[in-house]
Amino acid sequence: MPDRSNIRILIIDDDAEYAGVLRLHLAAAGYATEVAEDAVEGGKALLERPPSLVLCDIGMPYLNGLEFISLMQSDAHSATIPVVFISGRSDASLMARAAELGAADFLAKPVTRELLLQTVEACLRAGGRKAALPNYGFPPVV
C-alpha cells in the first residue's frame, strides 16, 4: 500500500454518523482525514489547512454544498482542490448543476467503500478540479 498519510481529505457532512463511516474507510486506506459538520466549519478547516480533496454533502444547514463549491472557486488557493459530492439526492438536475460548478465527481449515498476509494484515487491522480465526466449511472441525453 502506498504511503497516503500526507494526503489530507476534508469530509463535510452534517450527518455525523455517515461522515464517521467515510472517515473510517479513508483512514483504513491510509489517508489523513478531517471532518466538518457543515460547510461553514468546512470553510474554516479549508482556510486553516487546505486539503488535497474535499468530500462534501449537498443538503446542509447554513450553506449548502453547491454554495460552498462556488465560494471555493472564487478563491485562487482553493479553486484547484477537487470536490466530490456525496449526497442522498441524485436527481439529474442536481448532478448537472454539480458538474457545471466544477465538481470532480458525484456519488449517491450510500456509497460502497470500493467506489469511494476508486473515486478518491481517480480525483487525486487527476490533480485538479475535474477528474473526469461524472458517471451518473445512466446514458447521456442527446
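Does Asp15 qualify as being among the acidic types (Asp, Glu), surrounded by 14 or more Cβ atoms within 10 Å (Cβ to Cβ) and in contact with a strand residue (DSSP E or B) (Cβ under 7 Å, 6 or more places away or on another chain)?
So Asp15 does not fit the description; no.
Select from segment 60-91 the residues that are aromatic (Phe, Trp, Tyr) and either surrounded by fewer than 13 Cβ atoms within 10 Å (Cβ to Cβ) or more than 19 Å from Leu22 (Cα to Cα) (or both) and list them in ascending order.
Answer for segment 60-91, where residues must be aromatic (Phe, Trp, Tyr) and either surrounded by fewer than 13 Cβ atoms within 10 Å (Cβ to Cβ) or more than 19 Å from Leu22 (Cα to Cα) (or both): Tyr62, Phe68.
Can you name the condition, by its number, that Val21 falls short on among (1) assigned to a helix (DSSP H, G or I); (2) in contact with an Asp or Glu (Cβ under 6 Å, 6 or more places away or on another chain)?
Of everything listed in (1) assigned to a helix (DSSP H, G or I); (2) in contact with an Asp or Glu (Cβ under 6 Å, 6 or more places away or on another chain), Val21 misses just condition (2).
If you take just the helices (runs of 4 or more DSSP H) that sit entirely in segment 27-124, which of them hold at least 3 residues that are over 19 Å from Asp14 (Cα atoms) and touching a residue at least 24 places away in the same chain (Cβ under 8 Å)?
92-100
Given the options Gly20, Gly30, Gly65, Gly43, name the one that is more than 12 Å from the chain's Cα centre (by Cα) and closer than 18 Å to Ser87 by Cα.
After ruling out the rest, the residue left standing is Gly20.
A short reminder: the numbers here are calculations on the coordinates, not readings from a lab. Note that this is a predicted model, so its numbers are computed, not measured. As a convention, Cβ positions derive from the backbone with ideal geometry for all residues, glycine included, and neighbour counts pool all protein chains shown.
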